[in-house]
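Visitor: My questions will all concern the structure given below.
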Amino acid sequence: MAHSPAYSYDAGVFRKRLEQDAEFTTRAMETLLPIDEGPEGQLMDAVRYAALLGGKRVRPYLTLHTAALFNVDPKCALRVAAAVEMVHCYSLVHDDLPAMDDDDLRRGKPTCHVQFDEATAILAGDALLTRAFEVLSEEGTHQDAMVRVALVKELAKSAGAFGMVGGQMLDLVAHQHDLDMSEVARLQRMKTGGLINYACMSGGILGKASDSAMHKLHGFAHDLGLAFQIVDDLLDATGNEEELGKRTNKDAGQGKATFVSLMGIDQARDQAARLRDQAIDQLNVFEEKADPLRDMAHFVVNRVS
Ligand code: GRG
């Protein structure tokens, strides 16, 4: 494994940093998603329920620490981190709806449509998605309007029909086709990888990174996103509902082709570890400044929730 010579992964130190950054992101979202006292107040109650309670905040961490590679003002990076998490939370709310995965448990609590109702959950997802773009477009996100436009455009691409939403459609029709490994990898690159890629690239966009640095960030995000999904599949097959805060054994129950169903548990574990090492290799050029990102690659593969 290649990294700065003094580097070693300390799970305890990483956990503390992840929790602290999660707290910063939650506080930023609390301000950006204010309570609404009007008759339509139930909408913001559902938005805040879906966005502010729980979650590992992996994507905001990636934005914050890729931005730090380029000495971006942390206040700007935090707004982008909050916007990325808003899109992630919207995707979870919509994914849990009866028309999609029909789940009743998320982040250890009733899903948004169970806590409120289906119509409110759909609108809460819509409100999170649109607010994310509004935040990116505002001056506080970056003084250079061209940077703000690039942030908006790349998020639209990552979250849209050729990214996360397209991946979700592929997932919904997957049971009609016998997906092979490369098709499962494509589905997951779009569905889960799209936003993880954006989280990493957004730090580079904020920092006006060079093409070669962006290329390295993209390589890191690609390998990390696949490792993340393989571990997600492993946790679905072998994990603990209480620790995960969501239902398990969904994939097998729905007869879905996943990395685990195609490779088996042991090979999936080996593949996730290989991807972790490959992801870390992509960071060599950033030297020890990228240690927080190296930590994330370890965490993604070791996680139990
Ligand atoms: C409905 C538009 C739309 C998209 C849904 C990303 C997605 C597409 C659905 C989420 C469902 C899911 C379980 C995807 C697999 C990987 C994933 C995104 C897991 C959840 O992310 P974590 O583990 O969750 O980062 P927390 O709660 O920690 O934020």
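Each reported figure results from applying straightforward, stated rules to the coordinates on display, with no laboratory input. The structure presented is a predicted model; accordingly, all values stated were derived computationally and were not measured. Every residue, glycine as well, gets a Cβ built from its backbone with ideal geometry; the counts of neighbours run over all protein chains shown.
Visitor: List the equivalent ellipsoid semi-axes of the range 91-144 in whole Å, largest first, each obtained as the square root of 5λ for an eigenvalue λ of the Cα gyration tensor.
Guide: Semi-axes from the Cα gyration tensor: 28, 11, 9 Å.
Visitor: Quick one: which residues, 5+ away or cross-chain, put their amide H under 5 Å from the amide H of residue 106? H built at 1.01 Å from N.
Guide: Those lying under 5 Å, H to H, from residue 106 are 111.
Visitor: For residue 198, what charge total do you get from the other residues with a beta carbon under 10 Å from its beta carbon, if Lys and Arg give +1 and Asp and Glu give -1?
Guide: +1
Visitor: At a Förster radius of 35 Å, what calculated FRET efficiency corresponds to the Cβ-Cβ distance of residue 119 and residue 180, to the nearest 0.05?
Guide: Here the calculated transfer efficiency is 0.35.
Visitor: Which value in Å does the Kirkwood hydrodynamic radius of the range 118-189 take, with 1/r averaged over all unlike C-alpha pairs and then inverted?
Guide: Computed over the range 118-189, the radius equals 14.3 Å.
Visitor: Ok, one more. Can you list, largest first and rounded to whole Å, the semi-axes you get for the range 35-82 by taking the square root of 5 times each eigenvalue of its Cα gyration tensor?
Guide: Ellipsoid semi-axes (Å, largest first): 29, 13, 5.
Visitor: Would you kindly work out the equivalent ellipsoid of the range 11-302 from its C-alpha gyration tensor and give its semi-axes, the square roots of five times the eigenvalues, largest first in whole Å?
Guide: Working from the Cα gyration tensor, I get semi-axes of 27, 26, 17 Å.
Visitor: Right, something else. Run lengths n ≥ 4 of DSSP H only: what is the helix-derived mean residue ellipticity at 222 nm for the chain, with -39500 (n - 2.57) per run over all residues, to the nearest 500?
Guide: Calculated from helices alone, the mean residue ellipticity at 222 nm is -22000 deg cm²/dmol.
Visitor: A further question on this structure: Give, in nm to one decimal, the length gained when the segment between residue 139 and residue 261 is fully stretched (0.36 nm per residue of separation minus the Cα-Cα distance). Let's see the in-between values first.
Guide: On the way: separation 122, 0.36 × 122 = 43.92 nm, distance 4.67 nm.
Extra length from residue 139 to residue 261 when fully extended: 39.3 nm.
Visitor: Within 10 Å of each candidate Cβ there may be at most 15 other Cβ atoms; applying that plus a DSSP loop requirement, which GluC sites (Glu not before Pro) in the range 115-149 survive?
Guide: Qualifying residues, ordered by number: 138.
Visitor: Once Rh is set to the Kirkwood radius over Cα pairs, what Stokes-Einstein translational diffusion coefficient, in µm²/s, holds for the range 158-305 at a temperature of 4 °C and a viscosity of 1.567 mPa s? Mind dumping the intermediate values first?
Guide: On the way: Rh = 15.9 Å.
Translational diffusion coefficient: 81 µm²/s.
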